[in-house]
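Data block below; observations after.
The values are calculated or read from the model by the stated rules, or taken from the named source; none is laboratory data. Bear in mind the structure is a predicted one, so any value in this text is a computation, not a measurement. Note that each Cβ is placed from the backbone with ideal geometry, even for glycine, and that neighbours are counted across all protein chains shown. Quick note on the areas: whole protein, heavy atoms, side chains included, nothing else; ligands and nucleic acids left out. Shrake-Rupley method; radii C 1.70, N 1.55, O 1.52, S 1.80 Å.
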Amino acid sequence: MNSLLLTGGRVIDPARRLDTTADLLILDGKIAAIGADAAQQAPRDIEKFDAKGLVLCPGLIDLHVHLREPGQTAKETIATGTAAAARGGFTSVVCMPNTAPSIDNAGTVALIHERAKSQGVVNVFISGAITKGIAGEELAPIGSLKRAGVVAITDDGHCIQNNELMRRACEYAKMFDLTVMDHCQDYALVTTGVMHEGNWSTRLGLQGWPAAGEEMIVARNILLAELTGARIHCQHLSAAGSVELIRAAKKRGVPISGEACPHHYTLTDAAIAGSEKFWAEDGKSIFGFSAMKELPSWPSYDTSFKMNPPLRSARDREAILEGIVDGTIEVLCSDHAPHCDFEKEVEFDYAPFGITGLEVEFALALMQLYHTKRLSLADLIAKYTAAPAKLLNLAKGTLAVGADADITVFDPDREWIWQRSDTASKSQNNPFYGWPLKGKPVATLVGGKKVWVEQEAVAAV
Ligand SMILES: [Zn+2]
């Protein structure tokens, strides 16, 4: 079982600097051979998969996903969230701890492990909370969370404001060899801001969330990483100043890192003024703009464009792209944040922050980074495989012989449109439905098992 011969694909494994057209053999869920040996070693009756014209790479990892279970299963479940991951080409996700109850104790970690095993279709890694109840007041039992199997700690959705408490968290994290992931938001500066503070927030009459509200905490994290030696990873970077701070800190050798989400390197705050304003101004520099026959349209104050941190200016978007290209930002992810329609269908001020992303993020990354020739395919894949695996010490992210046969098969040039009816997530709060996209996962293999294949309506599990 779980044996397969993939023939004639372009095999890209950035961890081993491999980029070649070859056969790839999976035996019993592990990578058995790549290249000339593969077909020779294959049992005669093995199932074959014709990968000609397709790319095979290590299974994509998304280290920032809200699966909403336990407690918020109207938005998403482990079953639906991992099904969405499989459709998006992801073989591993790291779920965030802001569930109900939050993942601040070993029991909840065990519960999620169990549900993921019985209902998940991709690997689920778990991040634990830094503070009890993600309240930012008292440390969670970090050692016991580590023993229960968490791969990182974060209070994502919230941000510890007390710098001394954050320092202690970093010291514990270092002791237990855990990465601290941080949602960077200074509450005093941001207060009740709902969108980027700038020209558009003034014109739309919405309260601003200034870039400095993120940059302030990125700077704090750099200082604490330097002081404690703990690895701090800044989540969903949105502001030009954050990129500049991390770039300079990395040059000094500080153990700091960052990630970017597709909405922040594709859209800008002009989108909240409606599609006409967006396409007339910032939309022009999106890849494919000129090729789009019918430009996607949406009204002003559309809550699908409300996320935290918010969409920022065109200058910030460009800085995020530059940071990705020069390696300042080494990880790409979605911040997949499902919400029910009834929660989002309210005034902009009252809607919850966040959008889904697992099913569309790889296409957007290919469009904005590969098809624009900003990054090679191998460098782009690395940000979804080798880089997150290294950051969190996951035994994933490579196609080395003996490794788990977690493989993403995709067509980098396929043009497609994402329809609501195609989504496996329980929620549809995403602005990219109806957009012409380029680049598409066509099969997702976890431990050699096809957990999703295009053309098949139902996951083959
Ligand atoms: Zn967050």
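Inspection of region 46-63 identifies at least one residue that is under 18 Å from the mean Cα position of the chain (by Cα) and either of a type in the set (Lys, Arg) or within 16 Å of the ligand (Cβ to nearest atom) (or both).
Restricting attention to region 263-289 and to residues that are assigned to a loop (DSSP other than H, G, I, E, B) and either under 15 Å from GLN368 (Cβ atoms) or in contact (Cβ under 8 Å) with a residue 40 or more places away in the chain (or both), the residue that is nearest to the ligand (Cβ to nearest atom) turns out to be LEU267. Could you please let me know if ALA378 is modelled with pLDDT of 95 or more and more than 30 Å from LEU204 (Cα to Cα)? Taking the combined requirement at face value, the residue satisfies it. Checking each residue of region 49-68 against the condition of being outside any strand (DSSP E or B), open to solvent by 50 Å² or more (accessible area, probe 1.4 Å) and closer than 23 Å to GLU114 by Cβ gives no match. Sort out which residues of region 168-188 are more than 16 Å from the ligand (Cβ to nearest atom) and either of a type outside the set (A, V, I, L, M, F, W, C) or more than 19 Å from GLU226 (Cβ to Cβ) (or both), and write them in order of number. Answer for region 168-188, where residues must be more than 16 Å from the ligand (Cβ to nearest atom) and either of a type outside the set (A, V, I, L, M, F, W, C) or more than 19 Å from GLU226 (Cβ to Cβ) (or both): ARG168, GLU171, TYR172, LYS174, PHE176, ASP177, ALA188.
Where helices (runs of 4 or more DSSP H) fall wholly inside region 349-461, the ranges with 3 or more residues that are open to solvent by 20 Å² or more (accessible area, probe 1.4 Å) are 377-382, 386-391. The set of residues in region 304-318 that are more than 14 Å from MET195 (Cβ to Cβ) and either basic (Lys, Arg) or crowded, with 21+ Cβ neighbours inside 10 Å (or both) comprises ARG315, ARG317.
Among the residues of region 123-139, those identified as among the aliphatic types (A, V, I, L, M), open to solvent by 10 Å² or more (accessible area, probe 1.4 Å) and in contact with a helix residue (DSSP H, G or I) (Cβ under 7 Å, 6 or more places away or on another chain) are VAL124, LEU139. Among the residues of region 280-303, the ones that are closer than 18 Å to PHE353 by Cβ and open to solvent by less than 20 Å² (accessible area, probe 1.4 Å) come to 1 in all.
Could you please let me know if VAL109 is under 17 Å from VAL446 (Cβ atoms) and open to solvent by less than 30 Å² (accessible area, probe 1.4 Å)?
Spelling it out, it is not the case that VAL109 is under 17 Å from VAL446 (Cβ atoms) and open to solvent by less than 30 Å² (accessible area, probe 1.4 Å).
Could you tell me which numbered condition HIS158 fails, if it satisfies all but one of (1) closer than 24 Å to GLY59 by Cβ; (2) buried (at least 16 other Cβ atoms within 10 Å of the Cβ)? Unmet for HIS158, out of (1) closer than 24 Å to GLY59 by Cβ; (2) buried (at least 16 other Cβ atoms within 10 Å of the Cβ): (1). Close Cβ contacts (under 9 Å, 6 or more residues apart or on different chains) running from residues in region 234-245 that are without any contact (Cβ under 8 Å) to a residue 60 or more places away in the chain and of a type in the set (A, V, I, L, M) to residues that are more than 10 Å from the ligand (Cβ to nearest atom) and part of a loop (DSSP other than H, G, I, E, B) are absent.
If only residues of region 79-104 that are open to solvent by 10 Å² or more (accessible area, probe 1.4 Å) and more than 16 Å from the ligand (Cβ to nearest atom) are counted, the one that is nearest to LEU399 (Cα to Cα) is ARG87.
On the basis of being more than 24 Å from LYS438 (Cα to Cα) and open to solvent by 20 Å² or more (accessible area, probe 1.4 Å), does LEU245 make the cut? Yes; evaluated as a whole, the condition is true for this residue.
When the residues of region 105-161 are filtered to those that are closer than 15 Å to LYS174 by Cα and in contact (Cβ under 8 Å) with a residue 60 or more places away in the chain, the one that is farthest from the ligand (Cβ to nearest atom) is VAL151.
Looking only at residues in region 313-341 that are within 15 Å of the ligand (Cβ to nearest atom) and assigned to a loop (DSSP other than H, G, I, E, B), which one is farthest from ALA86 (Cα to Cα)? The qualifying residue farthest from ALA86 (Cα to Cα) is HIS339.
Here HIS236 clears all of (1) on the phi < 0 side of the Ramachandran plot; (2) within 16 Å of the ligand (Cβ to nearest atom) except the condition numbered (1).
The set of residues in region 13-33 that are buried (at least 22 other Cβ atoms within 10 Å of the Cβ), of a type in the set (A, V, I, L, M) and under 23 Å from LYS390 (Cβ atoms) comprises LEU24, ILE31.
Could you list all residues from region 195-216 that are open to solvent by 10 Å² or more (accessible area, probe 1.4 Å) and within 16 Å of the ligand (Cβ to nearest atom)?
We begin by selecting, within region 195-216, every residue open to solvent by 10 Å² or more (accessible area, probe 1.4 Å); these are 196-200, 202-208, 210-212, 215-216.
HIS196, ALA211, GLU215, MET216, listed by residue number.
Scanning region 193-227 for residues that are touching a residue at least 40 places away in the same chain (Cβ under 8 Å) and among the hydroxyl-bearing types (Ser, Thr, Tyr) gives a single hit, SER201. Scanning region 170-183 for residues that are within 18 Å of VAL94 (Cβ to Cβ) and either outside any strand (DSSP E or B) or open to solvent by 60 Å² or more (accessible area, probe 1.4 Å) (or both) gives ALA173, PHE176, ASP177, LEU178, HIS183.
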